Amino acid sequence: MNDIAQGTIDAFRLIFTLDPDLLEVVGLSLRVTVTAVLIASLIGLPLGAWLVINRFRFRRQTIAVLNALMGLPPVVVGLFVYMMLSRSGPFGVFGLLFTPTAMIIAQVIIITPLIASISHQTIRDLWAEYHDLLISLNTSRWQRITALLWDGRRALLTAMLAGFGRAIGEVGAIMIVGGNIDHSTRVLTTSIALETGKGNFAFAMGLGFVLITLAVTINLLMHSLSRTERASVW
Amino acid sequence: MNWKFPFATLFSLLLATMVQAAEIRLAVTTSFQNSGLSDVLLPQIKKDIGLDVQLIVVGTGQALKLGEAGDVDAILVHSRKAEEAFLKAGFGTHRREIMYNDFILIGPSSDPAQISEADTAVTALQKIAAAKAPFVSRGDDSGTHKKELSLWQAAGLDPATFGSWYRAAGAGMGATLNVASGMDAYVMADRASWLNFGNKGDLKLMFAGDPVLFNQYAFIPVNPQRHPHVKTALVAQLEDWLTGETAARLINGYKINGETLFTFNATKP
Amino acid sequence: MTHSILPLTLDGAIARVRGKTLVGPVDLQIGETGLTIVMGPNGSGKTTLLRLMHGLQRVSGGRVEWAVPDGMARGRQSYVFQSPIMMRRKVVDNIAYPLILHGVPRRQARSTAAEWAARFGLGDALDRPAPYLSGGEKQKLALARALIRQPEILFLDEPCANLDGRAIREIETILQQAQADGTRIVMATHDMGQARRLATDVVFMYGGKVHETAPAPDFFKQPTTAEARAFINGDIVE
């Protein structure tokens, strides 16, 4: 109990004094996760739409696999990316292990199936609505995908935010591929793991509050931004 | 949303991750990191020779793996046998002793196995085994874990035959201490991690001082003949600094709660 | 304009879904001018016939052929659905969408769309989200969107179902204007009065087959089949 109270106090102290180490860690958390979400969205959103409008032989199986990949264990992804990027691995020459780029790669692998799967579900409903019109207008595949993505953008924002939520709170994979290097690859979650390891529960808890606050703030921000763009909710 | 925006953001974010300064990667053990000594040494290294030392904090087993794969430029570990095997296989250029600290046995204040009365580390462990008192092992192939195993061996006991009182945490020092604290179990730790540990609960230091528990740290540069990309020159600079007078002063002077943790013992070549 | 896509010829055309024949075999020709009204009781296959002609329904047997290759004909026809499909965009963007698909620059497409919206009585609603329009406004939007590419032929599937008198009159005026501008119109309707007001010729569907075709005056005065006669008289036709 005491640790939780102390954690709250620590969290407020860290936030209101704008602790430079905290800002650095928060900044890297955001940089890595936002980049990963953008890349994963560039892949996952069109992929979700593509799976909706195309009929091919193993479509059902592909979607089932995609849904299963949503539960990909981050530690396994981390290990896989680690072996790929290690100097003795196939992409070792790029020297990417223990860099933020490696963390971004791992997160992209973790959240792309999630974003693709949620966007697939969303776009499936919209496609049912638009199907006749878009066929009647003699649209190309790409035109269909862009129309569905654009008109479904509010719902797709939810998919992106789900990806953001998973990525910002992820620790297993980025600990392995990032190495939790101070001032280089240390993010909020790995800091929390480190402080917990040192038995500094109050401080770890404080960082935890910062992480939760950050995630909630980003969600609120995105939702209010998307609403001011146009007053209506579709 | 404009499509140009995410692309531009993406690009600048990717670029930002590529900017790098003079830095090397050093794989160290959790016990070194947890001691807090690195927080004293690294800023001074940056100040004296302008080098950013990036610590990859892992168990000794993984540290050696990282050196083998060439993913770090040097390693600082404490497991002599493993280090020698590493050198023999040609993964490192040489082994340079820097400093030592010591391992201690920790247990619940009631001391159910009465190890505080033991005269050697080996008898202490034998008492724990005889009492079947809960004991938490690192179980992660780290230097501390290897040390613990060698002590059981010296005691004529085999952890593989132990009952449920012997728990392998499979985790770093801090996490293992957390487990021990939660279970009121005995545990072997390095003194530095213990002193810096914040969640002691009912645990107390029960046994220390047997010379067999001394824990020698050594610095091993990764062999550039195997991995041409390692920053050999920078590693040499770091080695000079770590074996020099500033390092000696800082290491010997580092105290937690008034207790000295490390003894500098590097020798001039 | 190049060669007309009309006439449209159906030759033994069949629409079958999961082994069940919905429409056909149908032999029918849609000539270059006129306003054809497709009539018939519920379930007689009016909608399926229209979809078959427009290419929304796969041809399971026989042929549905335009005067030009299919690929050329695809872009020169439009379709208005019974319940209008509103894209989740502003009114102006809905109307501009077919032009943008055709590669018209966005700014130009939107200003053309604004003109069309004004012509269809939607001038005040340009920036409103289309899904929030009233039923009549939605159908007018759908018409504007269908006509903006100036198709050679326009299919309409009961566009005035569920609309009130005023909206029906507005839409009929639009259709008559389009017809006068040279757009071939094929429209399914339930509304006998509307059929009498608009039709130049009638296709009477019954049981998935074309039961009777005739110029409108002849059909309404002297239908040749008993079912058509009963239908015109307002009797229940199963």
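The values are calculated or read from the model by the stated rules, or taken from the named source; none is laboratory data. Everything numeric in this text was worked out from a predicted model, so none of it was measured. With ideal geometry, Cβ positions are generated from the backbone for all residues, glycine too; neighbour counts draw on all protein chains shown.
Points to keep in mind about this one:
- Matching residues in the range B:160-190 - criterion: being in contact with a Gly (Cβ under 9 Å, 6 or more places away or on another chain), at pLDDT below 90 and of a type in the set (A, V, I, L, M, F, W, C): B:Ala168, B:Ala169, B:Ala171, B:Met173, B:Ala175
- Some residue of the range B:53-68 being buried (at least 20 other Cβ atoms within 10 Å of the Cβ), over 28 Å from B:Val122 (Cβ atoms) and more than 12 Å from chain A (Cβ to nearest Cβ): no
- Applying the condition of being touching a residue at least 40 places away in the same chain (Cβ under 8 Å) and surrounded by 15 or more Cβ atoms within 10 Å (Cβ to Cβ) to the range B:247-264 and asking which residue is farthest from B:Leu37 (Cα to Cα) yields B:Phe264.
- Scanning the range C:120-137 for residues that are loosely packed, with under 13 Cβ neighbours inside 10 Å and within 14 Å of chain A (Cβ to nearest Cβ) yields a single hit, C:Asp127.
- Checking the stated criteria, C:Gly55 turns out to be within 17 Å of the chain's Cα centre (by Cα) and not aliphatic (A, V, I, L, M).
- Top-ranked residue in the range A:136-170 [being in a helix (DSSP H, G or I) and surrounded by fewer than 16 Cβ atoms within 10 Å (Cβ to Cβ); ranked as nearest to the other protein chains (Cβ to nearest Cβ)]: A:Gln143
- Selection status of C:Pro98, modelled with pLDDT under 90 and within 23 Å of C:Glu152 (Cα to Cα): no
- When the residues of the range A:66-90 are filtered to those that are closer than 30 Å to B:Asn223 by Cβ and among the polar types (S, T, N, Q), the one that is surrounded by the most Cβ atoms within 10 Å (Cβ to Cβ) is A:Ser86.
- The residues in the range C:131-148 that are more than 20 Å from the chain's Cα centre (by Cα) and under 18 Å from C:Ile171 (Cα atoms) can be counted, and the count is 2.
- Count - residues of the range B:230-261 that are modelled with pLDDT under 90, part of a loop (DSSP other than H, G, I, E, B) and touching a helix residue (DSSP H, G or I) at 6+ places or on another chain (Cβ under 9 Å): 2
- When the criteria are applied in full, A:Leu126 fails the requirement of being outside any helix (DSSP H, G or I), within 11 Å of another protein chain (Cβ to nearest Cβ) and buried (at least 18 other Cβ atoms within 10 Å of the Cβ).
- Enumeration of residues in the range B:171-189 that are part of a loop (DSSP other than H, G, I, E, B) and either under 15 Å from the mean Cα position of the chain (by Cα) or not assigned by TED's automatic domain parsing to the domain that holds B:Val122 (or both): B:Ala171, B:Gly172
- Among residues of the range C:88-119 being buried (at least 16 other Cβ atoms within 10 Å of the Cβ) and within 20 Å of the chain's Cα centre (by Cα), the one that is farthest from the other protein chains (Cβ to nearest Cβ) is C:Ala117.
- Hits in the range A:13-42 (condition: in a helix (DSSP H, G or I), surrounded by fewer than 14 Cβ atoms within 10 Å (Cβ to Cβ) and of a type outside the set (Gly, Ala, Ser)): A:Arg13, A:Phe16, A:Pro20, A:Asp21, A:Leu23
- A:Leu79 meets each of the listed conditions (1) more than 14 Å from every other protein chain (Cβ to nearest Cβ); (2) under 30 Å from A:His120 (Cβ atoms) apart from (1).
- When residues in the range B:115-140 are screened for being within 25 Å of B:Ala175 (Cα to Cα) and surrounded by fewer than 17 Cβ atoms within 10 Å (Cβ to Cβ), 3 of them pass.
- None of B:Asp210, B:Asp184 is more than 10 Å from chain A (Cβ to nearest Cβ) and either in contact with a Cys (Cβ under 6 Å, 6 or more places away or on another chain) or at positive phi (or both) except B:Asp184.
- Residues of the range A:183-201 that are of a type outside the set (S, T, N, Q) and either crowded, with 20+ Cβ neighbours inside 10 Å or at pLDDT 85 or above (or both): A:Arg186, A:Val187, A:Leu188, A:Ile192, A:Ala193, A:Leu194, A:Glu195, A:Gly197, A:Lys198, A:Gly199.
- Residue in the range A:72-93 that is closer than 18 Å to B:Val72 by Cα and polar (S, T, N, Q) present: yes
- Figure legend. Inter-residue proximity from the range A:178-189: first residues within 7 Å of chain B (Cβ to nearest Cβ), second residues of a type in the set (S, T, N, Q), beta-carbon distance below 6 Å, spacing 6+ or different chains. Indicated pairs: A:Gly179/A:Thr185; A:Asn180/A:Thr190; A:Ile181/B:Gln54; A:Ser184/B:Gln54.
Yes/no matrix, rows are residues, columns are (1) part of a strand (DSSP E or B); (2) under 21 Å from C:Ser44 (Cβ atoms); (3) β-branched (Val, Ile, Thr):
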site: C:Gly121; (1), (2), (3): no, no, no
site: C:Arg149; (1), (2), (3): no, no, no
site: C:Leu154; (1), (2), (3): yes, no, no
site: C:Arg169; (1), (2), (3): no, no, no
site: C:Thr213; (1), (2), (3): yes, yes, yes
site: C:Pro217; (1), (2), (3): no, no, no
site: C:Ala230; (1), (2), (3): no, yes, no
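- Qualifying residues in the range B:190-207 (those that are away from chain A (no Cβ under 11 Å) and not in a helix (DSSP H, G or I)) - the one nearest to B:Ser142 (Cα to Cα): B:Asp190
- For the range C:44-73, the set of residues classified as exposed (fewer than 14 other Cβ atoms within 10 Å of the Cβ) and either within 12 Å of chain A (Cβ to nearest Cβ) or more than 22 Å from C:Asp201 (Cβ to Cβ) (or both) consists of C:Arg58, C:Gly61, C:Pro69, C:Asp70, C:Gly71, C:Met72, listed by residue number.
- Flag for C:Gln139 being touching a residue at least 12 places away in the same chain (Cβ under 8 Å) and assigned by TED's automatic domain parsing to the domain that holds C:Asn42: no
- Hits in the range C:68-83 (condition: of a type in the set (Gly, Ala, Ser) and touching a helix residue (DSSP H, G or I) at 6+ places or on another chain (Cβ under 8 Å)): C:Ser78
- Test for B:Gly70: is it small (Gly, Ala, Ser) and in contact with an Asp or Glu (Cβ under 6 Å, 6 or more places away or on another chain): no
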